[in-house]
1. Would you check which residues across the stretch 303-348 are within 16 Å of the ligand (Cβ to nearest atom), assigned to a loop (DSSP other than H, G, I, E, B) and over 23 Å from D39 (Cβ atoms) and list them?
2. The conditions are (1) of a type outside the set (A, V, I, L, M, F, W, C); (2) closer than 30 Å to S259 by Cα; (3) away from the ligand (no atom under 16 Å from the Cβ), and R173 fails exactly one of them. Which is it?
3. Across the stretch 223-239, which residue is surrounded by the fewest Cβ atoms within 10 Å (Cβ to Cβ) among those that are closer than 23 Å to G182 by Cα and touching a Pro at 6+ places or on another chain (Cβ under 7 Å)?
4. Residue check: is A279 within 16 Å of the ligand (Cβ to nearest atom), open to solvent by 10 Å² or more (accessible area, probe 1.4 Å) and either in contact with a Pro (Cβ under 7 Å, 6 or more places away or on another chain) or in contact (Cβ under 8 Å) with a residue 24 or more places away in the chain (or both)?
5. Need pairs with beta-carbon distance below 7 Å; first residue touching a residue at least 40 places away in the same chain (Cβ under 8 Å) and assigned to a strand (DSSP E or B) and within the stretch 461-486, second hydroxyl-bearing (S, T, Y) and open to solvent by 10 Å² or more (accessible area, probe 1.4 Å); sequence gap 6+ or separate chains.
6. Which condition number does T374 fail, the rest of (1) of a type in the set (S, T, N, Q); (2) open to solvent by less than 50 Å² (accessible area, probe 1.4 Å); (3) modelled with pLDDT under 95 being met?
7. Please verify whether the stretch 317-334 includes one or more residues that are more than 23 Å from L354 (Cα to Cα) and of a type in the set (A, V, I, L, M, F, W, C).
Amino acid sequence: MVLSPRFTLNDPSLLLSTGWINDAPARSGTNRTPFEVQDPATGEVWARVESMDAADADAAIQAATDAFPAYSALPARTRARLLLEFDRLVRENKEDLATLVVMEAGKTLAEARAEVDYAATYSWIMAGEAERIQGDVLKANENPSLRFFTIKQPIGPVGLLCPWNFPIAIALRKIATALAAGCTVVIKPSPETPTTTLALALLAQRAGFPKGVVNVVTASSETTPEVGQKFCEDKRLKKISFTGSTNVGKLLAAQSASSLKKLTLELGGNGSFIVFEDADLEQAADALVANKFRNAGQVCTCANRIFVQASVIDKFSELVKARVAKLNTGHGLDAGVTTGALTTERGAERAVGLVADAIKNGGTLHAGGKRIGTGFLFEPTLITGASKDAKVYKEEIFGPILSIYAFETEDEVLKLANATDMGLTNYVFSQNIGRAWRCYEKLESGTVAINTAIANAAESPFGGIKESGSGKEGGLGYGVDEFLIIKSAAMTV
Ligand SMILES: O=CCCC(=O)O
């Protein structure tokens, strides 16, 4: 393990470099070379983590399978108490978890702390969900002597596949929901961000979750495809919850076909941020900059296509430009930094290509546009006037690049916003309540945020439509239902 001198942890035991199976550090059976974890802001390697493969995943799945009967039989209140202790430990270790998030994902410390707070809203709400899992009693409509019942039961051991952009929030959201439902888990973090997931597994153990309930398979970028395939094809796992790209989501769906596994897929977005001439433009500009440059733009719910009504586009663009000029890009642990790094080298290179393509397609660059330093830092970038042939319009940007387009009418912008295969999150800024409501109803996305950049919270069900995925996470009942089966009964009285 290489430990960067840039940081220390209050509890150094939280930094693990192996997988985690049956409540113990787990090495790969095939002795592969451990994979490297880079500091995205500098490119330095600061940790090496066990590279596990499909055979190691098999052992983790067996551990979750063995633990399932006893764990799923625990009273809901016991599961709730375990989750509350887990939640307490996450909050108690907030600084260390946030530091790990900065070091592996490249966020600023403020963003990483906010991510830990956000993550813990899921462990908190899921503790309550454990006790709210109930069934129904129904009288038969045609036959007075028949009664129907339903009970909800945990679906079984589950596989959780996580991305690198919210290493703690997405992992904890999935783990806590599965545990509330009574499922045991095998989780595979992204190769870029394994250490926060491992710290969570250790905290789950400290919270008292029984052996084998939470298992972690740390795969490298080389072994990730075989581990993903193993999760999908192995019949002991009854469900996969995946967050990541639409392409990988489609691949996992195809691989899961042989076992007809239940899937929750949180996939890519290409959301619109619509600013009408009757909007509070200052509020909309603040929200846009907060939304677009959060985590250097690497958020599936980031606005991708910014549509501004032609009558206010110049004024609005100036407001945005002034705000972008105040952003300060750098290492997330350094004071005064507002915008961290892209998490991967390929992300930074892609951003370079997207800017070049936007300029080739008629765009004017008003700010940013370049990589900085030795790592994967990229300047917050503002472009106007690019055509709709530009990749920044057609593809999910996933970087700190903001590209603004003009529209004339409500009908026109709704058509433009919906003309995409994606349907995750759209944003609408207008002081006209009727217009805002019409947009909410007509926009084709799982979420519509109105006059706010905050689209998600643990109490609100989150999940896309169209090629942005299927199923929900969080929300009251919705997220936990994804990890449950409904069993019906009929009885003569
Ligand atoms: O990148 C997607 C995660 C979005 C969220 O949980 O707020």
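1. Those that are within 16 Å of the ligand (Cβ to nearest atom), assigned to a loop (DSSP other than H, G, I, E, B) and over 23 Å from D39 (Cβ atoms): none in the stretch 303-348.
2. All conditions are met except number (3).
3. Kept after step one, since they are closer than 23 Å to G182 by Cα, are these residues of the stretch 223-239: 228, 230-239.
Checking the rest, the ones that are also touching a Pro at 6+ places or on another chain (Cβ under 7 Å) come to 236-238.
Numbers: R236: 16, L237: 29, K238: 20.
Only one residue fits best here, namely R236.
4. Details: within 16 Å of the ligand (Cβ to nearest atom): no; open to solvent by 10 Å² or more (accessible area, probe 1.4 Å): yes; either in contact with a Pro (Cβ under 7 Å, 6 or more places away or on another chain) or in contact (Cβ under 8 Å) with a residue 24 or more places away in the chain (or both): yes.
Against the criterion (within 16 Å of the ligand (Cβ to nearest atom), open to solvent by 10 Å² or more (accessible area, probe 1.4 Å) and either in contact with a Pro (Cβ under 7 Å, 6 or more places away or on another chain) or in contact (Cβ under 8 Å) with a residue 24 or more places away in the chain (or both)), A279 does not qualify.
5. Matching pairs, first to second residue: F462/T447; I465/S445; I486/T150.
6. Of everything listed in (1) of a type in the set (S, T, N, Q); (2) open to solvent by less than 50 Å² (accessible area, probe 1.4 Å); (3) modelled with pLDDT under 95, T374 misses just condition (2).
7. Yes - at least one qualifying residue is present in the stretch 317-334.
Conditions (1) within 16 Å of the ligand (Cβ to nearest atom); (2) open to solvent by 10 Å² or more (accessible area, probe 1.4 Å); (3) closer than 18 Å to V49 by Cβ; (4) touching a residue at least 24 places away in the same chain (Cβ under 8 Å), marked per residue:
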| residue | (1), (2), (3), (4) |
| --- | --- |
| G135 | no, yes, no, yes |
| P144 | no, yes, no, no |
| R147 | no, yes, no, yes |
| P154 | no, yes, no, yes |
| C162 | yes, yes, yes, yes |
| F166 | yes, yes, no, yes |
| P191 | no, yes, yes, yes |
| A201 | no, no, yes, yes |
| G212 | no, no, no, yes |
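The values are calculated or read from the model by the stated rules, or taken from the named source; none is laboratory data. Just so it is clear, the structure is predicted and the values come from calculations on it, not from any experiment. Backbone-built Cβ (ideal geometry, glycine too); neighbour counts: all protein chains shown. Note: accessible area is taken over every heavy atom of the protein model, side chains too, but ligands, DNA and RNA are not part of it. Shrake-Rupley method; radii C 1.70, N 1.55, O 1.52, S 1.80 Å.
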